[in-house]
Amino acid sequence: MIHVNNFSSGALNPVLAYLMSCMGCFLGLRCTTRARAYQGAARARWLAMAALAIGSTGIWVMHFIAMLGFTIPDQSIRYNVPVTILSMVIAVAVVGIGTFIVGFREGNGPLLLGGVIIGCGVASMHYIGMSAIRVQDSLTYSPLLVAASVIIAVIAGTAALWAALRLHTLLSTIAASLIMGVAVSGMHYTGMAALRVYPAPGVTVSTSASASAIAFLLPLILGLSMVGFIFSTVIALSPTAAEILEEGELMARIARTSQHEPQAGLGRQPSATDSANPDSGSLFRPHPTQRRP
């Protein structure tokens, strides 16, 4: 078995990957907070933004930033481009399924179902992303550690959905994001610990539809990081969930008031005697300065 190195750049990759995971999870949780304040299509849009933030930045970017520190001695690691992109699509899709389940249905059942879907999806993203590796060696995995990584992913997914439903304040969201970053990173490095690399003499690496990490992953990670900063701007400029709820309650009160207030002047039509009688209280009563004929 060949000894691999997951920390070829020291602490840089795991620390940066953890911070990016925290940022993606934080943005996603802030989106779900706003989603709860809306109904219908507006809620769906915020939930979709949450899935994009968590799935792309919180999970996928974390995984491949960590993979930039992964090396195999005397080997040049390349990644199959379509398979790598597929792993990102899967991450966003499964997080979207989970958030929409709990976003439009209440109870512990949808929460657990969404958590299991997200956990299995995140684990699938990890191992599909690993299958994109192209090296002249044979890659296998320890079944026990693979199972442990899936369990960690399910726990992380359920915790993310629970936080999305329960947390409202900025400080609680930050704390939840830090915990979720630990869970996502823990799942990744547990999966990497399950990896076993063995020599495979005679195996050739096809360079078709593949690229090196620096040429492919780094620009993609930088692009998704910029998307994360755009999300931050959008969230910072949008009303908070409390402001959205207050505005909704204000509009509801205005609507109720307009429906129940008496319609002045519409209860009785003025008559000819009203205009002739100055004491009748008519809206058409002559002004006191006017002289009667």
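The values are calculated or read from the model by the stated rules, or taken from the named source; none is laboratory data. Being a predicted model, the structure only gives us computed values, none of them experimental. Virtual Cβ from ideal backbone geometry, glycine too; neighbours counted across all protein chains shown. Heads up: the accessible areas ignore ligands, DNA and RNA and are worked out on the full protein's heavy atoms, side chains in. Shrake-Rupley method; radii C 1.70, N 1.55, O 1.52, S 1.80 Å.
Every listed requirement among (1) farther than 13 Å from Thr99 by Cβ; (2) without any contact (Cβ under 8 Å) to a residue 40 or more places away in the chain; (3) not acidic (Asp, Glu) is met by Met23 save one, (2).
Across the range 121-142, the number of residues qualifying as over 14 Å from Ser87 (Cβ atoms) and under 17 Å from the mean Cα position of the chain (by Cα) comes to 0.
Let's see how each residue does on (1) within 17 Å of Leu47 (Cβ to Cβ); (2) open to solvent by less than 10 Å² (accessible area, probe 1.4 Å):
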residue: Ser76; (1), (2): no, no
residue: Val94; (1), (2): yes, no
residue: Gly103; (1), (2): yes, no
residue: Ala123; (1), (2): no, yes
residue: Gly129; (1), (2): no, yes
residue: Ala160; (1), (2): yes, no
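Taking the range 65-114 as the range and being outside any helix (DSSP H, G or I) and among the polar types (S, T, N, Q) as the test, the residues that pass are Thr71, Gln75, Ser76, Asn80. Pairs linking a residue in the range 142-171 that is aromatic (Phe, Trp, Tyr) to a residue that is loosely packed, with under 15 Cβ neighbours inside 10 Å, with Cβ atoms under 9 Å and 6 or more positions apart or on different chains, do not occur. Taken together, the residues in the range 53-112 that are touching a residue at least 40 places away in the same chain (Cβ under 8 Å) and over 24 Å from Ala183 (Cβ atoms) amount to 13. Among residues belonging to the range 1-55 that are assigned to a loop (DSSP other than H, G, I, E, B) and out of contact with any Pro (no Cβ under 9 Å at 6 or more places or on another chain), point out the one that is most open to solvent (accessible area, probe 1.4 Å). Here the answer is Gln39.
Would a scan of the range 186-197 turn up a residue that is open to solvent by less than 20 Å² (accessible area, probe 1.4 Å), out of contact with any helix residue (DSSP H, G or I) (no Cβ under 9 Å at 6 or more places or on another chain), modelled with pLDDT of 85 or more and not basic (Lys, Arg)? Taking every residue of the range 186-197 in turn, at least one turns out to be open to solvent by less than 20 Å² (accessible area, probe 1.4 Å), out of contact with any helix residue (DSSP H, G or I) (no Cβ under 9 Å at 6 or more places or on another chain), modelled with pLDDT of 85 or more and not basic (Lys, Arg).
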